[in-house]
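To keep things clear, I will list the structure first and then write my remarks on it.
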Amino acid sequence: MKAYKLNSGLSIPSVGIGVFRVEDAAIAYDTVKSALSVGYRHIDTAMIYGNEESVGKAILDSGVPREEIFLTTKLWNDDQRKGTVEEAIKLSLKKLGTDYVDLYLVHWPVKETYVTIWKAMEKVYREGLAKAIGVSNYNIHHLEDLLKETGTVPVVNQIECYPYLAQQELVDYCLSKGIVPEAWGPLGAGKSDVLVNPVIVELAKKYAKTPAQIVLGWNIQRGLVVIPKSVHRQRQEENLEALNVNLGEEDLKKITALNKNLRLGSDPDNITF
Ligand code: NAD
């Protein structure tokens, strides 16, 4: 499995399975079990997704040794505001049925606390509750504040990223600082026509791949981790196969040129939750 090296020394598989909006316990369980059986070794969940218990149970029942799986969960905004990082991660670990996560992310940059919360994140890292710590939805100015005022560089910045929101400047900034960029909503979150965009469809024909594989492959080749969500085994396999896409330079540029700064999710500078 292709992987990127994190600045803490660990490796992160470049394709993971996302489980946002998979609230039903049985479906979440089946999704993770099926993903592990087709070869995924990276799972992306969050406290707020409400499925940590199902994810943990599926890992346990899968027969795949825990140490072979890269598991991410996230600190929700309420806990960030209350400063209850240690309590929050311990509760997540209990639900996940494990004594560490590979990666713990600050889910969103809450305006008043996105810098100060990092000290508490560093503490859970030192205590071994998380093997690595990172952030999510941080823009360049958030990262600059963090780097200026704290000691540990986040290993990852998980951001919304698909062809209509290429985020090239932020991606370049992360890569220049040794922060691995990770794309959420990499397929357009089921809300976009990106998979039927004529440029993508034409490239899919040219490379004998599916549109989903082209879009994921573009991000992987730009140095991003991708965490597409699918509850269906066949699509999980299809998405994992994006590892074998090899787009030429000109074609990568063609996809990046589809950018229109179109967010489907919340704007990190204006969150209301
Ligand atoms: P996504 O871009 O992964 O899109 C998922 C949808 O795409 C599916 O529901 C399905 O409708 C469709 N799909 C999946 N595979 C397909 C295929 N091969 N062909 C055609 N359609 C396909 O969107 P997402 O779930 O929003 O994002 C992925 C993951 O990112 C989430 O599950 C979650 O783990 C993470 N995430 C993080 C944040 C954050 O704030 N950090 C926010 C949203 C999502």
Most fluctuating of 178, 50, 151 in the GNM of the chain (C-alpha, under 10 Å) is 151
Excluding residues fewer than 8 positions from residue 119 in its own chain, the lysines with Cα under 21 Å of it are 74, 82, 90, 111, 131, 148, 177
Counting Lys and Arg as +1 and Asp and Glu as -1 over every other residue whose Cβ sits under 13 Å from the Cβ of residue 204, the net charge comes to 0
Ranked on Cβ counts within 10 Å of their own Cβ, fewest leading, 273, 70, 20 go 273, 20, 70
In the range 86-168, the GluC sites (Glu not before Pro) that sit in a DSSP loop and have at most 10 other Cβ atoms within 10 Å of their own Cβ are 112
Kirkwood calc, the range 145-216, C-alpha pairs only, radius in angstrom 13.7
Computed Rg/Rh for the chain (Cα atoms; Rh = Kirkwood radius) stands at 0.95
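Here, each number is a calculation from the coordinates, and none is a lab measurement. Bear in mind that the values here come from a model prediction, so they are computed numbers and not experimental data. Virtual Cβ from ideal backbone geometry, glycine too; neighbours counted across all protein chains shown.
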